Amino acid sequence: MKIAFVGKGGSGKTTLSSLFIRHLAANEAPVVAVDADINQHLGAALGLDEQEAAALPAMGAQLPLIKDYLRGSNPRIASAETMIKTTPPGEGSRLLRVCEDNPVYDACARTVGLDDGDIRLMVTGPFTESDLGVACYHSKVGAVELCLNHLVDGPEEYVVVDMTAGSDSFASGMFTRFDMTFLVAEPTRKGVSVYRQYKEYAQDFGVALKVVGNKVQGEDDLEFLRAEVGEDLLVTIGHSDWVRAMEKGRPARFELLEADNRMALQALQNAAEDSYGQRDWERYTRQMVHFHLRNAESWGNEKTGADLAAQVDPAFVLDERFARAEATPQPA
């Protein structure tokens, strides 16, 4: 399952992402976690110190390797240089799987040990001073989108992405890459404004969206969220002494997280599992192609000097047949 956490800056989405990742690890689920936010805090939320977090390899810096590996022997892609962030897989492409070793994970992922198991963590890399005036953050997130386009996952495997704040992910088609999007909202007008944007953009693409109310302090806060988001409100999270200790760098063992909050995390997992059962692989592939053609026409063809529409393999559908590495021989 591919899961996104979104919300305005300061809503607590990174904290909720990290709690959900810990919950999945405690339930022995395989997890690949991705920090795609411009502010790179997921590593710290998962217990890394500043030095360890700073040492995480940036996916954006490994983009040539990622493209070259994923291209494989796909005859429709003339070179790695002609691949853009939306390039879809086709016959001959290499695919990524949650439970495997491959050169992309070797270069970009690091194992993080949690109380109840290990997860893989990947990060886009921070937006640095050297990027000012010469790059946009979407170029870094493009590495994440390209990997998601080539990733197949089974029903008990998780890819959890802490997305960039606000509605920036709508600058590409990455918001359609998920089985479930959890929008973290505080009980304020600003807190629900991003929800309205997501709801408006996502409804035309069948994106599953649920709201997690955060920093809810009483019945009045709960009623406010119910009135603003209606049936999309899944669960609420209140004050947590465990989270406060984590933010100070002194978390207790995860098993000591408050019972109400652990139940809320289980509700998130249940919703994710339900959404996976509704996955439409043909629509998923069709949307991938749709956004690739839009990007090709608007800027990709000019940038690469190639007709990127020719990269689309009309007979290819990314589906569960490819979820196991042994199901499809990989090109040398």
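The values are calculated or read from the model by the stated rules, or taken from the named source; none is laboratory data. Computed from a predicted model, the values in this text were never measured in an experiment. Note that we place each Cβ from the backbone using ideal geometry, even for glycine, and neighbour counts take in every protein chain shown. For accessibility, only protein heavy atoms count, side chains too; no ligands or nucleic acids. Shrake-Rupley method; radii C 1.70, N 1.55, O 1.52, S 1.80 Å.
So the values come out like this:
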quantity: Any hit, the stretch 90-102, residues being crowded, with 21+ Cβ neighbours inside 10 Å and over 28 Å from ALA29 (Cα atoms); calculated: no
quantity: Total residues in the stretch 38-93, condition assigned to a helix (DSSP H, G or I) and among the small types (Gly, Ala, Ser); calculated: 8
quantity: Answer from ALA54, ALA80, ALA45 - the residue that is within 25 Å of GLU273 (Cβ to Cβ) and either surrounded by fewer than 17 Cβ atoms within 10 Å (Cβ to Cβ) or in contact (Cβ under 8 Å) with a residue 40 or more places away in the chain (or both); calculated: ALA45
quantity: The stretch 224-241, residues that are among the acidic types (Asp, Glu) and buried (at least 20 other Cβ atoms within 10 Å of the Cβ); calculated: GLU228
quantity: Some residue of the stretch 227-246 being outside any loop (DSSP other than H, G, I, E, B) and within 21 Å of PRO314 (Cβ to Cβ); calculated: no
quantity: Which listed residue, of ARG250, ARG283, is touching a residue at least 40 places away in the same chain (Cβ under 8 Å) and either more than 25 Å from LYS190 (Cβ to Cβ) or not basic (Lys, Arg) (or both); calculated: ARG283
quantity: Which listed residue is free of Cβ contacts under 8 Å to residues at least 60 places away in the same chain and among the β-branched types (Val, Ile, Thr), from VAL104, VAL98, VAL31, VAL6; calculated: VAL104
quantity: Condition broken by PRO251, with the remaining ones in (1) more than 29 Å from PRO89 (Cα to Cα); (2) out of contact with any helix residue (DSSP H, G or I) (no Cβ under 9 Å at 6 or more places or on another chain); (3) not in a helix (DSSP H, G or I) satisfied; calculated: (2)
quantity: Residue selected from the stretch 24-35 under the condition open to solvent by less than 10 Å² (accessible area, probe 1.4 Å) and assigned to a helix (DSSP H, G or I), by the criterion farthest from ASP101 (Cα to Cα); calculated: LEU24
quantity: Test: ALA310 is within 30 Å of GLY92 (Cβ to Cβ) and outside any helix (DSSP H, G or I); calculated: no
quantity: In the stretch 212-222, the residues that are under 24 Å from THR181 (Cβ atoms) and assigned to a helix (DSSP H, G or I); calculated: ASP221, LEU222
quantity: For ILE3: the one exception among (1) open to solvent by 10 Å² or more (accessible area, probe 1.4 Å); (2) not in a helix (DSSP H, G or I); calculated: (1)
quantity: Residue among ASP274, ASP307, ASP241, ASP280 that is of a type in the set (D, E, K, R) and in contact with a strand residue (DSSP E or B) (Cβ under 9 Å, 6 or more places away or on another chain); calculated: ASP274
quantity: Where a residue in the stretch 57-71 is closer than 13 Å to THR82 by Cα and free of Cβ contacts under 8 Å to residues at least 24 places away in the same chain and its partner, wherever it lies, is crowded, with 19+ Cβ neighbours inside 10 Å and among the hydrophobic types (A, V, I, L, M, F, W, C), with Cβ under 7 Å and at least six apart; calculated: ARG71/ILE77; ARG71/MET83
quantity: Within the stretch 102-134, tally of residues that are at pLDDT 95 or above and part of a loop (DSSP other than H, G, I, E, B); calculated: 1
quantity: Hits in the stretch 277-292 - residues which are in a helix (DSSP H, G or I) and in contact with a Gly (Cβ under 9 Å, 6 or more places away or on another chain); calculated: ARG283, GLN287, MET288, HIS290, PHE291, HIS292
quantity: Failed condition for VAL317, given (1) surrounded by fewer than 17 Cβ atoms within 10 Å (Cβ to Cβ); (2) β-branched (Val, Ile, Thr); (3) under 22 Å from TYR158 (Cβ atoms); calculated: (3)
